[in-house]
Amino acid sequence: MKIHTIADSVYCIPVDIRSTDLFEGIWPVPNGFSLNTYVVKGEKTALIDLVQDRPDAASPVETALADRFGPVDYLILNHLEPDHSGWLREFLRKNPRAQIIATAKGIDLVTSFYKIDKAGTALRAVKDGDALDLGGGKVLTFFEAPNIHWPETMFTWEASSGTLFSCDAFGSFGALGGRLFDDEFNDAEHQRFEAETLRYYANIVSSFSAFVERGVEKVSGLAVSCAAPSHGMVFRRNAKAIIDRYLRYAGYSKGRTEREIAVIWGSMYGNTKKGLDAVIKGIEKRGVPYTAYQVPNDNISYILAAAFKSAGLVLAMPTYEYAMFPPMAYVLDIFRRKHIYHKKVLRIGSWGWVGGAQRAYDAAIADLKWDSLDSYEWAGAPSAQDLAVLEERGAALLS
C-alpha cells in the first residue's frame, strides 16, 4: 500500500480490489477496480470517503491512518453507497471523536444504513457552498451533486490544490497496480482505461446523465486542476479530459452518439443467425463500424457499453414460446432501466410454428424513444428473398 501525494497536505490512499465478486452484484470486473480514500491535513485532519467493509480494502486504509496521519477529526462522506461507507462503524470505533459530514440526505442514510445513534455521534449536514476550515490554509467547500448516482451525493472542493473530490463522478473500473495519476500511464493503458470508463458509466451512471451535466455545470466556475474520483485514476495532468469524457457520455443519452452499430443477437438453431449474417453484409457494404455480441454468451455489462455509445442497434432474436427469446428480453429490460434512448434500430428474427416476439418486443421498447425500421421476421430458415431484404435493411440502418 502506497500513500500518494496530490499536493501539499493532500493525499490519496488507493486500494486495488481484485476479486471474482461482481460490482454491485451485477457487473464483472476482470481487471479489478480501485477504491480511493483521500486525506486533507490542515491543523485538523479530514478523511474523504471510506471503503468497503472487507479486509483487502479496510486494512490498508487503517494502517495508513495509524502510521501516517493519526486521529481523524472529520469524515467527509460524498456518497453513502457501501463501497464508500461500509467500513463506517469500525472507523467510528477507532475514531470516536470524528465528525461525520454529508448532505442532509447523506446524514439520513448514515443513520438508517448503519444505525448510528445521532445522540452519540457528531453529525453535520451541509449544503451548496458550505465550508469547513481545517486551518493551515486548507478549506473544504461542498457542492450538492444529487443523483450522480445516488440522491445524497456531493462534491468536495479544496481550492489551494485545485482538487475536486468527486466520488463516483469521473470514476472507472480497473485496478491501478500501484500507480494513481494520469501522467503515470502510457497511451495504450489510457485506451484500456477509457474503455473501462465507458463501461463503468454505461453500467452505473447512464440513467443519470442529465444530473451529470448539472453537476459539471455547478462546478464549472472552479479552477479544477485535479479530478479525484473514488474509483480509477486521478487526473492531475489533464483534469479536463475526464470531465469532457463524462460530458460526452452524458450526451449519448440525448442521441449525440457515435456513428457505429451495436449488433446484439441470439439464435436457437441457426436460422436467426443466417438472417443476421445478411444484415451484417449490408452494414459492411456501407462501411459502418459495428460490434457484435451474442446473448446469453456475452455479458450484459459489455453489451450495455456498446449499445450506449452507438447510434444504431441491430437486435436479432427468434420467437420463443410465443414471446421474445428470454436472454434478449433481459437485455431490453436493462436498456429500459439504463435509459438507452434515441437509437436507430432494426429488429429481425425467425419463428417456428408461430410468431409472437413482435408483440412482446413492442411492449418492451415502448418508452425507449427509438427510431425503428420495420421489423423483419420469417418462418424457419430464411429464403433467398428474405436474405436479400435483410441485406438491404442492414445497408439502410445508418445510411
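Readers should treat all values here as calculations from the given coordinates under stated rules, not as data from a laboratory. Just so we're clear, the structure is a prediction, and the values are computed from it rather than from any experiment. With ideal geometry, Cβ positions are generated from the backbone for all residues, glycine too; neighbour counts draw on all protein chains shown.
Could you give the length gained on full extension between THR291 and LYS240, defined as 0.36 nm per residue of separation minus the Cα-Cα distance, in nm?
Computed gain between THR291 and LYS240 is 15.5 nm.
State the volume of the convex hull built on the alpha-carbon positions of the range 162-316, expressed per residue in Å³ and rounded to an integer. Can you show the working numbers first?
Numbers: hull volume 18.9 nm³, N = 155.
Hull volume over Cα atoms, normalised by residue count, gives 122 Å³.
With the Cα gyration tensor of the range 4-252 giving a ≥ b ≥ c as the square roots of its eigenvalues, does the rule (a/c under 1.5 for rounded; else a/b larger than b/c for prolate; else oblate) give rounded, prolate or oblate?
rounded
In angstroms, what radius of gyration and Dmax does the range 194-263 have, counting Cα atoms only?
12.7, 42
Under a point-charge model restricted to the Cβ atoms of Lys and Arg (+1) and Asp and Glu (-1), what is the dipole moment magnitude of the range 262-396 relative to its Cα centre, in debye to the nearest 20?
400 debye
Give me Rg over Rh for the range 225-269, both radii from the alpha carbons and Rh done the Kirkwood way, two decimal places.
1.24
So which helices of the chain fit the span-like rule, where a helix is a whole DSSP H run, its Cα atoms reach 27 Å or more along the axis, and its mean Kyte-Doolittle is at least 1.0?
none
Please report the net charge: other residues with Cβ closer than 13 Å to the Cβ of ILE100, K and R +1, D and E -1. Mind showing how you got there, number by number?
Working: positive: ARG89, ARG97, LYS118, ARG124; negative: ASP49, ASP73, ASP108, ASP117, GLU152.
Value of the local net charge: -1.
Using a simple spin-label model with points 7 Å from Cα along the Cα→Cβ vector, what separation in nm is obtained for PHE69 and TRP353?
Modelled inter-label distance: 6.6 nm.
With an 8 Å cut-off on Cα pairs and a minimum separation of 6 or more residues, tell me the relative contact order of the range 1-131 in percent.
On the way: 226 pairs, mean separation 22.9, N = 131.
Answer for the range 1-131 is 17 percent.
Give me the distance in nm between label points sitting 7 Å out from Cα along the Cα-to-Cβ direction at ALA388 and LYS218, one decimal.
Once both label points are built, they end up 5.9 nm from each other.
When a footprinting reagent is the concern and you count Cβ atoms within 10 Å, what order do ASP21, ASP374 take, fewest first?
Starting with the residue having the fewest Cβ neighbours, the order is ASP374, ASP21.
Could you tell me the relative contact order of the chain? Use alpha-carbon pairs under 8 Å, at least six residues apart, and round to a whole percent.
12 percent
Checking the cross-link filter: which lysines have an alpha carbon closer than 27 Å to that of LYS127, excluding same-chain neighbours under 8 positions apart?
Correct list for LYS127: LYS41, LYS44, LYS105, LYS115, LYS118, LYS138, LYS218, LYS240.
So what is the 222 nm mean residue ellipticity for the chain from helices alone, if each DSSP H run of at least 4 adds -39500 (n - 2.57) and you divide by all residues, rounding to the nearest 500 deg cm²/dmol?
-9500 deg cm²/dmol
Given labels modelled 7 Å from the Cα in the Cβ direction, how far is it in nm from ARG336 to ASP133?
5.4 nm
Taking the Cβ-Cβ separation of SER372 and LYS281 as r and a Förster radius of 22 Å, what is the calculated FRET efficiency to the nearest 0.05?
E between SER372 and LYS281, to the nearest 0.05, is 0.60.
Which length gain, in nm to one decimal place, applies between ARG97 and LEU247 when the Cα-Cα distance is subtracted from 0.36 nm times their residue separation?
Values: separation 150, 0.36 × 150 = 54.00 nm, distance 3.93 nm.
Extra length available between ARG97 and LEU247 comes to 50.1 nm.
Normalising by the residue count of the range 114-210, find the relative contact order in percent from Cα pairs under 8 Å and 6+ residues apart.
Normalised by residue count, the contact order of the range 114-210 is 18 percent.
What full-extension length gain, to one decimal in nm, is calculated for ASN31 and ALA396 as 0.36 nm per residue of separation minus the Cα-Cα distance?
Answer, rounded to one decimal: 127.6 nm.
Within the range 319-334, list the residues whose amide N lies under 14 Å from a label point set 7 Å along Cα→Cβ of TYR269.
319-321
Once the mean 1/r over all distinct Cα pairs of the range 262-396 is inverted, what Kirkwood radius in angstroms do you read off? The partial results should precede the final answer.
On the way: mean 1/r = 0.0687 Å⁻¹.
Computed over the range 262-396, the radius equals 14.6 Å.
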